[in-house]
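Novice: Below: one structure in structure tokens.
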Amino acid sequence: MHVLILGGNSDVGAAIAAVFARKQGAFITLASRNMELGAKKAKDITVRYQVEARAVSFDALDYDSHVDFVVGLESPPDVVVAAFGYLGDQELAQQDFQEARRIIETNYLGAVSILEILARDMEQRGRGTIIGLGSVAGLRGRQSNYIYGSAKGGFLVYLSGLRNRLHKAGVQVLTVLPGFVATKMTEHLDLPPKLTATPEQVARDVYSAFRFKRNVIYTRWPWRWIMTVIRSIPEFLFKRTDI
Amino acid sequence: MRLSGWGRFPWCEARVRSFAQAGEAASFVGREQPFIVRGLGRSYGDSALAQDILLTRRFNHILDFCPSTGALSCEAGVSLDEIIAAFLPRGWFLPVVPGTRFVTVGGAIAGDVHGKNHHSAGCFSSCVRSLVLLLPNGEVRTCSPTDNRDLFTATCGGMGLTGVILAAELALRSVSSSMIEQKVVKARNLAHTLELFEEHGDAEYSVAWVDTLAQGEGSGRSLLILGEHAPGGPLRLAEPKAVTIPSWFPGWLLGRPVAKIFNNLKYSSISANGAQGVVPLHSFFFPLDGLLEWNRLYGRKGFTQYQFVIPKQGGPEGLAAILSRIAGSGLASYLAVLKLFGPANANMLSFPMAGYTLALDFKISSGLPALLHDLDRMVREQGGRLYLAKDARMEPAMLEAGYPGLAEFRDLRRHYGMDTVFSSLQSKRLGV
Ligand SMILES: Cc1cc2nc3c(=O)[nH]c(=O)nc-3n(C[C@H](O)[C@H](O)[C@H](O)COP(=O)(O)OP(=O)(O)OC[C@H]3O[C@@H](n4cnc5c(N)ncnc54)[C@H](O)[C@@H]3O)c2cc1C
Ligand SMILES: NC(=O)c1ccc[n+]([C@@H]2O[C@H](COP(=O)([O-])OP(=O)(O)OC[C@H]3O[C@@H](n4cnc5c(N)ncnc54)[C@H](OP(=O)(O)O)[C@@H]3O)[C@@H](O)[C@H]2O)c1
């Protein structure tokens with residue numbers, strides 16, 4: 001099994017790679033912009049799990065390079081995990097369009113660009129799994145992060161359409177909806193410890209959803225209920241809230 | 001973020017940053033603002049606490065492993081749990097492990113931790129071939145017992161006060177089984193306990209669980225637990241299923257009456273002839289790791305672990321006096337672990353020395369300071385000292401009295417400019 005992690009240096013992505021290496025003895029490709037860190041992570045996986053692992057260079061925003069990137073892979077991947085993402089700074093994004101653009105392009109456009117190419121290939125081969133890291137932030141816009149949320153929201157709709165399209169071809173598309181995860185992305189935030197997962201917990205949830213051919217999962221599970229409540233608040237009330 | 005050590009006392013509001021590459025750590029050091037490094041926070045007191053904290057959790061890559069010699073090189077944030085999970089199934093194990101596997105390599109070096117085999121294997125530093133240290137000026141040095149020896153002997157046991165340990169090369173040892181042949185021997189009282197330690201001096205692992213509530217005749221009664229690696233058998237990771245203690249666990253449950261019952265049950269669970277069996281390595285070395293967050297058992301106020309060592313000479317009388325003071329105090333201690341240490345090593349602030357070490361858990365309570373104050377005096381009179389990795393409350397004079405290497409350590413800190421960059425609540429409290 002060949003598992004390609006797009007955003008292989010992301011804490012969640014690296015944890016997912018580790019689970020596939022441990023449980024499946026999978027061959028791992030870590031794709032990221034930071035090759036020094038990527039190579040270190042690949043070596044770590046090789047030594048720990050006695051599997052093959054490689055780091056390759058990948059920039060989600062360099063759209064023109066994506067076809068060559070896929071052609072250059074050692075073998076067509078059986079599982080693709082889109083784990084890259086950029087939280088950005090909401091306040092800055094309100095002032096500076098460049099920040100807003102970076103958030104939207106990284107979380108949405110970049111994902112669409114690379115996944116379309118990989119999806120076509122899986123569709124032709126008639127098998128494979130695409131795992132997309134969305135976010136509960138994409139389920140309802142909030143003042144504190146709606147630029148990021150809207151990009152993730154677009155990505156969620158994209159994944160559901162892709163799932164619909166690839167179902168016939170026998171390709172699994174798994175949408176992952178993490179709540180809070182303790183990673184470098186959220187290190188500067190004061191997250192409630194009880195609702196914050198570790199990357200390893202998220203990875204275990206993702207792996208079992210992969211095994212059970214699930215479509216959409218929340219991780220950790222309480223987020224399903226939290227989001228049910230948040231989504232059910234009528235807009236005339238929601239606009240007055242401060243969450 | 002509000003943080004504490006394992007004892008959940010004291011707490012501190014901290015700004016926390018982590019890193020995945022050495023360069024990020026170097027720029028953190030370059031800010032020249034005092035901070036302390038933190039691993040998995042398994043030290044009990046305030047040694048990994050400060051207003052600014054650099055976490056090694058994400059700096060946890062295994063760098064290389066040689067399957068023929070067992071040489072492992074890894075970053076400081078790798079935990080002993082991760083090392084055991086990766087290498088025990090291949091027949092390799094750490095030569096020294098503390099009572100929990102949820103500590104980092106950096107923490108194990110900075111505390112120069114010891115295990116049940118200190119009498120034969122020494123401290124964790126004895127399996128460290130070399131370590132890579134980030135200095136206050138951003139320079140990175142490889143230190144070993146032969147190269148940069150001053151930095152090596154200061155950093156092993158140096159409680160994070162000499163720099164950021166970035167990586168280490170460890171010498172793993174080969175084992176042919178993941179099982180331990182365990183023997184439990186029952187000791188009637190303190191004299192009997194100490195006698196048994198001598199009698200079983202050639203056992204690879206030895207430690208005694210002492211019933212600190214027993215008074216009079218039976219004072220110091222204990223279960224001596226001995227172990228050897230089984231010569232053959234499976235090489236499997238049998239991780240016991242973990243249970244998590246909830247955050248609302250009421251601390252009063254673990255008061256003296258319950259402790260008394262618990263200790264009696266535990267002591268009488270073993271027949272006078274002792275017991276023998278083969279147990280998985282995890283339950284032999286890490287009996288508490290199956291209870292996740294067991295530190296919540298002591299309730300909201302938290303607890304402290306008091307661990308001292310007193311020299312072998314005069315040790316029996318010293319221990320007897322200390323045990324009787326504790327039993328008379330009315331304060332309960334569930335975990336009281338006694339061990340006979342081997343000789344001290346050359347590291348400036350390493351805790352172990354030839355003698356008896358006793359570790360006791362106490363719930364924080366109003367009567368506790370007075371008791372610990374008395375114990376301090378008794379330990380000092382015996383020429384003993386307290387373990388920094390457990391300490392949250394000792395006074396500077398106690399440290400001065402117990403650690404002859406302190407002056408050299410302070411000089412080295414000043415010389416390299418470490419004293420203005422690396423500082424914990426503990427180092428401030430103790431004026432290190
Ligand atoms: C249940 C339990 C049982 C234990 N049993 C034993 C035992 O049998 N024997 C024993 O010796 N100890 C024992 N301990 C104590 C524990 O082994 C030590 O406190 C150890 O240092 C904790 O490691 P950590 O990674 O959690 O470090 P932390 O608690 O996070 O930090 C401890 C110290 O190490 C420093 N440090 C951590 N990482 C680095 C780094 N990369 N560079 C520089 N400094 C660093 C910190 O600054 C701090 O001073 C036990 C603890 C528990 C909770
Ligand atoms: N953490 C959370 O609380 C949380 C919650 C919900 C959803 N999520 C989502 O879960 C996923 C993983 O998050 P995480 O917390 O693990 O993130 P992370 O550790 O911050 O990693 C994000 C990674 O994205 C990569 N990246 C950013 N821009 C890129 C680009 N243009 N091209 C290629 N890679 C790029 C970065 O890689 P390099 O810089 O190394 O190339 C970085 O390693 C993300 O999609 C995130 O949005 C996270």
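Novice: Scanning the range A:70-128 for residues that are touching a Leu at 6+ places or on another chain (Cβ under 7 Å) and of a type in the set (Gly, Ala, Ser), which turns out surrounded by the fewest Cβ atoms within 10 Å (Cβ to Cβ)?
Specialist: Looking at the filtered set, the residue picked out is A:119.
Novice: Still on this structure, please answer the following. Return a yes/no flag: does the range A:41-50 have any residue that is within 30 Å of residue B:63 (Cβ to Cβ), in contact with a helix residue (DSSP H, G or I) (Cβ under 8 Å, 6 or more places away or on another chain), within 13 Å of chain B (Cβ to nearest Cβ) and among the aromatic types (Phe, Trp, Tyr). Give the steps one after another, and end with the answer.
Specialist: To start, the set of residues in the range A:41-50 that are within 30 Å of residue B:63 (Cβ to Cβ) comprises A:41-50.
Still in the running and in contact with a helix residue (DSSP H, G or I) (Cβ under 8 Å, 6 or more places away or on another chain): A:41, A:45, A:47-49.
Adding the requirement that they be within 13 Å of chain B (Cβ to nearest Cβ) leaves A:41, A:45, A:47-49.
Pick out the ones that are also among the aromatic types (Phe, Trp, Tyr) and you get A:49.
Yes, that holds for at least one residue.
Novice: Quickly run through the range A:43-69 and pick out the residues that are in contact with a strand residue (DSSP E or B) (Cβ under 9 Å, 6 or more places away or on another chain) and either away from ligand 2 (no atom under 13 Å from the Cβ) or at pLDDT below 95 (or both).
Specialist: A:43, A:44, A:45, A:46, A:47, A:48, A:49, A:51, A:52, A:53, A:54 - these are the residues of the range A:43-69 that are in contact with a strand residue (DSSP E or B) (Cβ under 9 Å, 6 or more places away or on another chain) and either away from ligand 2 (no atom under 13 Å from the Cβ) or at pLDDT below 95 (or both).
Novice: Oh, and also: How many residues does the range A:1-31 contain that are within 21 Å of residue A:121 (Cβ to Cβ) and among the hydroxyl-bearing types (Ser, Thr, Tyr)? Full working, then the answer.
Specialist: First, the residues of the range A:1-31 that are within 21 Å of residue A:121 (Cβ to Cβ): A:1-8, A:13, A:16-17, A:20, A:24, A:26-31.
If we keep only those that are among the hydroxyl-bearing types (Ser, Thr, Tyr) as well, we get A:29.
Count: 1.
Novice: On the given criteria, is residue A:175 among the polar types (S, T, N, Q) and over 23 Å from residue A:22 (Cα atoms)? Working first, answer last.
Specialist: Details: among the polar types (S, T, N, Q): yes; over 23 Å from residue A:22 (Cα atoms): no.
Taking the combined requirement at face value, the residue does not satisfy it.
Novice: Mind listing just one residue for me: the one in the range B:47-73 that is under 28 Å from residue B:303 (Cα atoms) and in contact with an Asp or Glu (Cβ under 8 Å, 6 or more places away or on another chain) and, of those, surrounded by the most Cβ atoms within 10 Å (Cβ to Cβ)? Lay out the reasoning, then the answer.
Specialist: We begin by selecting, within the range B:47-73, every residue under 28 Å from residue B:303 (Cα atoms); these are B:47-57.
Those left that are additionally in contact with an Asp or Glu (Cβ under 8 Å, 6 or more places away or on another chain): B:47, B:51, B:56.
Working: B:47: 27, B:51: 14, B:56: 25.
Only one residue tops the list, namely B:47.
Novice: Could you say whether any residue in the range A:18-27 is β-branched (Val, Ile, Thr), closer than 18 Å to residue A:183 by Cβ and surrounded by 24 or more Cβ atoms within 10 Å (Cβ to Cβ)? Give the steps one after another, and end with the answer.
Specialist: Residues of the range A:18-27 β-branched (Val, Ile, Thr): A:19.
Subsequent filtering for residues that are closer than 18 Å to residue A:183 by Cβ retains A:19.
This time we only want the ones that are surrounded by 24 or more Cβ atoms within 10 Å (Cβ to Cβ), so: none.
There is no residue in the range A:18-27 that is β-branched (Val, Ile, Thr), closer than 18 Å to residue A:183 by Cβ and surrounded by 24 or more Cβ atoms within 10 Å (Cβ to Cβ).
Novice: All but one of (1) surrounded by 21 or more Cβ atoms within 10 Å (Cβ to Cβ); (2) in contact with a strand residue (DSSP E or B) (Cβ under 9 Å, 6 or more places away or on another chain); (3) more than 30 Å from residue B:255 (Cα to Cα) hold for residue B:350; state the number of the condition that does not hold.
Specialist: (2)
Novice: Could you check the range B:250-286 and list, in sequence order, the residues that are within 25 Å of the chain's Cα centre (by Cα) and either without any contact (Cβ under 8 Å) to a residue 60 or more places away in the chain or in a loop (DSSP other than H, G, I, E, B) (or both)?
Specialist: Scanning the range B:250-286 gives B:255, B:266, B:283, B:286.
Novice: Do we have residue A:37 as away from chain B (no Cβ under 14 Å) and either more than 24 Å from residue B:67 (Cβ to Cβ) or more than 16 Å from ligand 2 (Cβ to nearest atom) (or both) here?
Specialist: Details: away from chain B (no Cβ under 14 Å): no; either more than 24 Å from residue B:67 (Cβ to Cβ) or more than 16 Å from ligand 2 (Cβ to nearest atom) (or both): yes.
No; evaluated as a whole, the condition is false for this residue.
Novice: Go through the residues of the range A:182-196 one by one and say whether even a single one is modelled with pLDDT of 95 or more and away from chain B (no Cβ under 14 Å).
Specialist: No, because not a single residue in the range A:182-196 is modelled with pLDDT of 95 or more and away from chain B (no Cβ under 14 Å).
Novice: Looking at the range B:158-196 only, could you name the residues that are within 15 Å of ligand 1 (Cβ to nearest atom) and touching an Asp or Glu at 6+ places or on another chain (Cβ under 7 Å)?
Specialist: The first filter runs over the range B:158-196 and keeps only residues within 15 Å of ligand 1 (Cβ to nearest atom), leaving B:158-170.
Result: B:166, B:167.
Novice: Here's something else I'd like to know. In the range A:1-27, what residues are within 14 Å of another protein chain (Cβ to nearest Cβ) and outside any loop (DSSP other than H, G, I, E, B)? Before you say what the answer is, go through the steps one by one.
Specialist: From the range A:1-27, those within 14 Å of another protein chain (Cβ to nearest Cβ) are A:7-15, A:17-19, A:21-23, A:25; that's our starting set.
Selection gives A:11, A:12, A:13, A:14, A:15, A:17, A:18, A:19, A:21, A:22, A:23.
The values are calculated or read from the model by the stated rules, or taken from the named source; none is laboratory data. Computed from a predicted structure; not experimentally measured. All Cβ positions, glycine included, derive from the backbone under ideal geometry; neighbour counts span all protein chains shown.
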